[in-house]
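Heads up, the thing below is written out as structure tokens.
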There are 2 protein chains.
Amino acid sequence: MITVLCGGVGAARMLQALREVAEPSSITGIVNTGDDLTLHGLRVCPDLDTITYTLAGLNNEVTGWGLEGETWRVMDELEQLGGESWFRLGDRDLATHLFRTQRLAQGATLRQVTSELGARLGVDVTLLPMTEDTVATAFESVEHGRLSFQDYFVRYRHDVTITEITFDGAAAALPTPGVLEALEEAERIVISPSNPLISIAPILAVPGIRSVLERRRAQVIAVSPLIGGKALKGPADRLLRELGHDPSPQGIARLYRDVASTLVIDEVDQATAALVRAEGLSCLVTNTIMSEPGAGPQLAKVILDA
Amino acid sequence: MITVLCGGVGAARMLQALREVAEPSSITGIVNTGDDLTLHGLRVCPDLDTITYTLAGLNNEVTGWGLEGETWRVMDELEQLGGESWFRLGDRDLATHLFRTQRLAQGATLRQVTSELGARLGVDVTLLPMTEDTVATAFESVEHGRLSFQDYFVRYRHDVTITEITFDGAAAALPTPGVLEALEEAERIVISPSNPLISIAPILAVPGIRSVLERRRAQVIAVSPLIGGKALKGPADRLLRELGHDPSPQGIARLYRDVASTLVIDEVDQATAALVRAEGLSCLVTNTIMSEPGAGPQLAKVILDA
């Protein structure tokens with residue numbers, strides 16, 4: 001069994017790569033829900049959806065986000081009505097949110113709904129939301145004060161200076177049934193190359209999860225999301241700097257040293273392997289840019305063979 | 001000032017007709033919300049929307065329902081996901097529900113949202129929901145027991161036998177601010193040719209509304225929704241029969257005699273005028289089929305000249 005801590009795009013690629021070299025039914029993704037939002041009354045789960053769409057082969061490879069063949073009829077109309085349309089929900093995507101919101105209103109759990117959507121779309125790995133309780137990642141910004149995740153990420157395109165990140169509700173949240181079991185029973189636990197501060201940290205903030213990882217540290221391999229000090233996508237490097245961390249493999253090693261025994265870093269960062277090891281982690285070096293041909297399965301093999 | 005009690009399609013045509021012969025800004029529609037529902041987390045107000053779309057000239061004249069140029073992308077996707085799609089919401093229509101749900105979540109009142117949608121779409125009469133509290137029209141059916149409005153109307157296409165209609169929540173509901181004033185100040189109060197039992201009765205069930213009409217009965221003109229014993233649209237005739245009323249102008253007169261002083265009936269029912277008068281109402285006879293050329297404004301003139 002392989003259990004993977006997951007944010008959005010990076011985690012989707014990680015799961016895609018793992019399922020090419022391992023039995024899909026043996027893979028469980030534990031997915032961040034700190035970015036979830038209620039918009040127009042609809043429950044939107046960006047990380048769960050990104051992963052579901054990617055594993056279903058429905059992600060738009062041209063734009064790098066959203067669904068293949070997406071249309072924008074509803075949003076265009078909403079804009080004409082003067083409605084809030086800064087967070088663009090495509091027509092296909094909206095169907096997912098209508099489905100989820102209706103099923104939750106009928107009493108289904110988020111775990112059930114995630115599994116129903118996955119089954120309908122042909123996803124063959126198990127996806128578990130980290131919690132079914134409300135956890136909201138929030139930011140303290142210099143420019144605009146307190147910001148919700150999507151205000152920070154979408155409305156301001158993460159072009160603001162952050163002084164603090166909180167995971168509201170995390171202390172009282174329960175892990176989704178199956179999450180702790182998946183971590184206890186895994187032969188290999190993988191921390192995806194997702195943003196450590198806003199994708200992985202909320203998962204670790206759900207009571208019970210961090211302590212399993214600390215206890216099972218020997219089984220945990222993290223993949224650094226940085227390539228030469230930069231995130232492939234998103235604000236990880238800037239956020240690390242602003243919050244006093246080093247945007248380097250060493251900085252990532254410091255963040256993860258209590259919960260992981262091995263860090264995989266990219267070839268371009270090979271020179272920093274000794275610094276990672278100095279933090280008490282094993283260090284593996286390979287190509288971590290999974291968008292490059294063959295790189296994903298090769299990374300997955302490195303992880304499983306470690 | 002003219003104030004109109006409104007259901008859906010019949011009321012929309014009535015308001016359309018009145019605004020052709022009277023100053024639109026002098027017209028207020030008080031609209032049934034007993035059919036409202038929350039679907040996929042979205043607040044849907046079928047009567048308010050039918051009226052808004054019709055007055056905005058956006059209604060589909062070919063199908064007789066829904067919006068012009070409507071598309072069904074989201075519903076088609078939802079169906080593929082295995083979601084509930086028996087209540088079909090078009091893409092354009094969905095934008096309205098997203099807008100309303102978001103504004104209500106932001107703290108706007110249903111009155112405000114209705115006014116914002118009307119302003120954006122070019123509606124020039126005032127529309128007031130009968131109440132901003134939750135009132136749910138429900139049915140006791142022989143075949144399926146208790147049914148919500150949309151189960152009765154859409155899911156079972158009103159092809160069931162009804163033994164009782166209730167307006168849940170009505171006793172505790174408050175009229176929307178402005179509703180009682182619009183009734184008190186009107187020179188003419190019109191009861192639209194809507195279904196008396198499921199469109200007009202819920203409005204009269206909101207505390208305070210019926211008593212104003214009883215007191216101002218001399219100003220109230222009702223238009224019969226029946227043509228030769230049949231409703232132009234919907235289940236009015238069958239429901240009247242099943243609940244012990246006569247599906248005729250006389251039956252309508254008995255239902256309205258305490259709240260209206262005049263009943264307008266269609267030419268085909270001319271022979272029943274004496275029976276209406278026997279119930280204590282004045283009776284006016286004209287063409288009430290407003291879909292026929294010129295009939296709407298002529299009916300409106302008859303009402304205003306009475």
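Listed values, structure above:
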quantity: Matching residues, region A:174-194, being buried (at least 23 other Cβ atoms within 10 Å of the Cβ) and outside any strand (DSSP E or B); calculated: A:179, A:183, A:192, A:193, A:194
quantity: Where residue B:153 falls short, out of the listed (1) surrounded by fewer than 21 Cβ atoms within 10 Å (Cβ to Cβ); (2) at pLDDT 95 or above; calculated: (2)
quantity: Members of region B:123-150 that are part of a helix (DSSP H, G or I) and closer than 21 Å to residue B:172 by Cβ; calculated: B:149
quantity: Matching residues, region A:38-53, being in contact with a Gly (Cβ under 7 Å, 6 or more places away or on another chain) and not in a strand (DSSP E or B); calculated: A:41, A:46, A:47, A:50, A:51, A:52
quantity: Residue ID - surrounded by the fewest Cβ atoms within 10 Å (Cβ to Cβ), chosen from residues in region B:49-64 that are within 14 Å of chain A (Cβ to nearest Cβ) and closer than 30 Å to residue B:209 by Cα; calculated: B:56
quantity: Tally, over region B:107-122, of residues that are in a helix (DSSP H, G or I), more than 10 Å from chain A (Cβ to nearest Cβ) and either without any contact (Cβ under 8 Å) to a residue 60 or more places away in the chain or over 22 Å from the mean Cα position of the chain (by Cα) (or both); calculated: 3
quantity: Among the residues listed as A:21, A:4, the single one being in contact with a Lys or Arg (Cβ under 6 Å, 6 or more places away or on another chain) and away from chain B (no Cβ under 14 Å); calculated: A:21
quantity: Boolean, residue A:35 is crowded, with 18+ Cβ neighbours inside 10 Å and either in a loop (DSSP other than H, G, I, E, B) or out of contact with any Ser or Thr (no Cβ under 7 Å at 6 or more places or on another chain) (or both); calculated: yes
quantity: Qualifying residue in region B:65-75 (condition: more than 14 Å from every other protein chain (Cβ to nearest Cβ) and in contact (Cβ under 8 Å) with a residue 12 or more places away in the chain); calculated: yes
quantity: Of all residues in region B:88-106 being in a helix (DSSP H, G or I) and within 21 Å of the chain's Cα centre (by Cα), the one that is nearest to residue B:42 (Cα to Cα); calculated: B:97
quantity: Residue identified as free of Cβ contacts under 8 Å to residues at least 60 places away in the same chain and either within 14 Å of another protein chain (Cβ to nearest Cβ) or under 21 Å from residue A:177 (Cβ atoms) (or both) among A:15, A:42; calculated: A:42
quantity: Subset of region B:76-87 [within 30 Å of the chain's Cα centre (by Cα) and within 7 Å of chain A (Cβ to nearest Cβ)]; calculated: B:78, B:83, B:84
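The values are calculated or read from the model by the stated rules, or taken from the named source; none is laboratory data. Remember, it's a predicted structure, so these values are computed and weren't measured experimentally. Using ideal geometry, Cβ is built from the backbone for each residue, glycine included, and neighbour counts are taken over all protein chains shown.
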